[in-house]
Amino acid sequence: MKNLLFGIVFGVGVLAAVTPGWGQTHKVAKPESVVRAVGVYEWTGDLARPTASRLIPISLFIEGKLEDAGVYIARPVPFALLTGNVYELQDAGIAKGTLELSYARHLQTADAAYDDGWFGYGTFHAPAVAKKTSTTLRTSKTVPVITSSTADSSKPHFSNKDGNGSTAGSDTDKTNTKTDSGTSTKTDGGTPAADPDRPTMKRRSDSDSGTKSGSDSSAGSDSAQGSGSTPADDPDRPTMKRRTSDSGSSDSGSSTGSNSGDTSAKNGGSDPADDPDRPTLKRRSPEEAKKAQKAKDDEATVTGTGSLNEDPNRPNLHRGKPASAMTETDLPKLVGLPPDLHQMVAVSDARTRDPHEFARPWEDAAEKSAVLAKMQAIARAQLASYGGGAATPAPAPTSAATSTTTKMATKKTPASRSHRPATPPPPAPVALLDEELKGYTLSYGGAATYVYTAHTAGTGADLRYVTVVAQADAMGELKPAMQSATDAAHLDRMPRMRFVDAVDVEASNRASLLFELRGQSSRQFGLYRVIAAKPEQIFLTGTTQ
């Protein structure tokens with residue numbers, strides 16, 4: 001008995017080891033290759049017609065990681081600043097126009113501050129105005145009048161016919177009908193007899209398809225073509241046929257057609273230089289993308305890519321400016337940091353993606369006032385704790401005699417024992433100027449994130465800047481995530497955090513906060529991700545002198 005059980009167990013184990021698994025399998029899709037560049041567009045004057053402008057490259061998301069867009073593959077121009085790249089100017093994820101780059105320059109100026117590094121220059125294009133799809137309906141001045149008409153047998157109409165061709169409840173007028181032989185007959189009743197020229201709604205049967213449509217057919221071939229519900233095969237009639245693999249070379253009898261078919265078979269129907277997997281920031285049309293992908297799937301042989309000089313998208317060195325680029329006179333360069341400087345996030349992506357708005361609208365004015373009061377309290381506390389660079393004033397020196405005389409006078413005065421100094425009034429709150437409060441929802445279902453910036457009055461060490469980033473918890477209370485305070489005299493030690501905007505740097509529908517860290521004569525740009533009131537710096541550019 002034991003041997004029998006051992007044999008059964010051993011046989012089941014062997015069968016399980018030999019029999020292939022029947023587990024469910026699924027197709028793993030190829031991960032999407034995202035190439036996305038982020039920059040800051042700066043201009044003066046009107047956005048549609050700026051007096052001067054420039055593009056500062058910030059980050060480049062490629063091969064699953066962030067790179068410095070100002071130095072990535074600078075041979076000789078950085079990859080993010082190639083001529084023809086299109087950047088979409090965004091405000092919290094919503095497009096406000098496009099910038100097409102014309103040329104790039106590497107500036108190294110020692111006299112002007114903040115002008116060091118790579119900058120791009122291009123032409124701004126306003127977004128296309130959406131066409132009106134509907135028109136406003138207006139009340140007609142003429143009132144329609146519905147009138148009844150008498151039964152007219154000459155007009156086509158619907159009727160309920162019985163098997164004999166008569167209609168119940170119809171008029172008893174007599175009408176003339178035509179027979180197949182051409183003679184006219186009179187029938188009683190309000191409905192005319194079956195007339196072949198009268199339009200009717202009739203379902204054809206298989207037996208009717210073989211009958212003739214008329215009595216006067218000209219020939220046997222003509223009769224065969226005119227019978228049935230399906231029209232005859234007309235050589236000039238357009239048809240839809242599925243092409244085979246040999247149709248490109250066999251449908252043409254001429255030598256030109258055969259040569260074109262052979263060429264298309266060798267090349268796969270697309271230019272080998274147009275590789276769909278090649279990283280690029282230039283957008284392809286849907287037709288070009290499908291054509292390139294089909295050519296890649298159909299191609300089974302290994303072909304050489306040819307010389308690198310034949311790549312149309314390869315940056316090259318040339319004397320002077322390209323003929324297609326605009327001149328520097330048409331696109332004046334922006335120098336330094338003028339007082340009326342404006343900034344906006346610019347995003348370049350090879351694919352056209354659906355917009356994702358990250359701005360959080362206010363429920364009402366009361367909500368904004370409540371959040372503003374809380375952010376002001378956090379900002380004033382941060383300014384109070386900031387020591388700055390000013391030295392703490394030392395107490396006034398006092399001599400021993402003066403101190404003894406003061407003690408004796410205080411001791412002898414009886415009124416001084418019962419008199420208590422009055423409590424000084426609390427200092428007035430610090431005035432905050434140029435306040436700016438913005439709310440965002442950085443991800444789907446994420447907590448509300450608020451960014452507050454302001455500064456105080458004064459100059460030098462008295463002029464202080466404050467920046468606060470806070471997130472709301474489950475109870476609706478604000479928790480500070482980032483706090484920064486500095487003064488105008490110590491910007492090199494503690495740069496000022498100037499908020500630019502929220503931007504999606506990885507095409508993941510999750511936004512990060514972009515800040516400019518401006519010092520006395522240099523600046524950097526940093527990207528911060530805030531989750532559960534905890535900040536994380538995910539990227540920081542090099543220092544621009």
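The values are calculated or read from the model by the stated rules, or taken from the named source; none is laboratory data. Nothing here was measured: the structure is a model prediction, and the numbers come from that model. Reconstructed Cβ throughout: ideal geometry from the backbone, glycine too, with neighbour counts over all protein chains shown.
Below is a table of values for the structure above.
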| quantity | calculated |
| --- | --- |
| Filter result (of a type outside the set (D, E, K, R) and assigned to a strand (DSSP E or B)) within the range 27-42 | 37, 38, 39, 40, 41 |
| Any chance residue 498 is out of contact with any His (no Cβ under 6 Å at 6 or more places or on another chain), at pLDDT 90 or above, of a type outside the set (A, V, I, L, M) and surrounded by fewer than 19 Cβ atoms within 10 Å (Cβ to Cβ) | yes |
| Qualifying residue in the range 43-62 (condition: assigned to a loop (DSSP other than H, G, I, E, B), within 22 Å of residue 505 (Cβ to Cβ) and at pLDDT 90 or above) | no |
| Condition check for residue 472: of a type in the set (Gly, Ala, Ser) and buried (at least 19 other Cβ atoms within 10 Å of the Cβ) | no |
| Of all residues making up the range 485-512, the number that are more than 18 Å from residue 114 (Cβ to Cβ), hydroxyl-bearing (Ser, Thr, Tyr) and in contact (Cβ under 8 Å) with a residue 40 or more places away in the chain | 1 |
| The range 93-129, residues that are of a type in the set (Val, Ile, Thr) and modelled with pLDDT of 85 or more | 94, 98, 123 |
| Condition met for residue 507 (under 24 Å from the mean Cα position of the chain (by Cα) and part of a loop (DSSP other than H, G, I, E, B)) | yes |
| Flag for residue 319 being assigned by TED's automatic domain parsing to the domain that holds residue 91, among the basic types (Lys, Arg) and modelled with pLDDT of 85 or more | no |
| Selection status of residue 489, surrounded by 19 or more Cβ atoms within 10 Å (Cβ to Cβ) and either in a strand (DSSP E or B) or over 32 Å from the mean Cα position of the chain (by Cα) (or both) | no |
| Test: residue in the range 513-532 that is touching a residue at least 40 places away in the same chain (Cβ under 8 Å), within 30 Å of residue 87 (Cβ to Cβ) and acidic (Asp, Glu) | yes |
| Residues (among the basic types (Lys, Arg) and more than 18 Å from residue 40 (Cα to Cα)) located in the range 490-528 | 493, 510 |
| Which listed residue is at pLDDT 70 or above and of a type outside the set (Ser, Thr, Tyr), from 141, 132 | 141 |
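Residues are listed down the side, and each one gets a yes or a no for (1) surrounded by fewer than 22 Cβ atoms within 10 Å (Cβ to Cβ); (2) in contact (Cβ under 8 Å) with a residue 24 or more places away in the chain:
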| site | (1), (2) |
| --- | --- |
| 50 | yes, yes |
| 57 | no, yes |
| 61 | yes, yes |
| 69 | no, yes |
| 73 | yes, no |
| 80 | no, yes |
| 84 | yes, yes |
| 92 | yes, yes |
| 115 | yes, yes |
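Per-residue answers, yes or no, for (1) of a type in the set (A, V, I, L, M, F, W, C); (2) in contact with a Gly (Cβ under 7 Å, 6 or more places away or on another chain); (3) within 19 Å of residue 450 (Cβ to Cβ); (4) surrounded by 17 or more Cβ atoms within 10 Å (Cβ to Cβ):
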| position | (1), (2), (3), (4) |
| --- | --- |
| 484 | no, no, yes, yes |
| 514 | yes, no, yes, yes |
| 536 | no, no, yes, no |
| 543 | no, no, no, no |
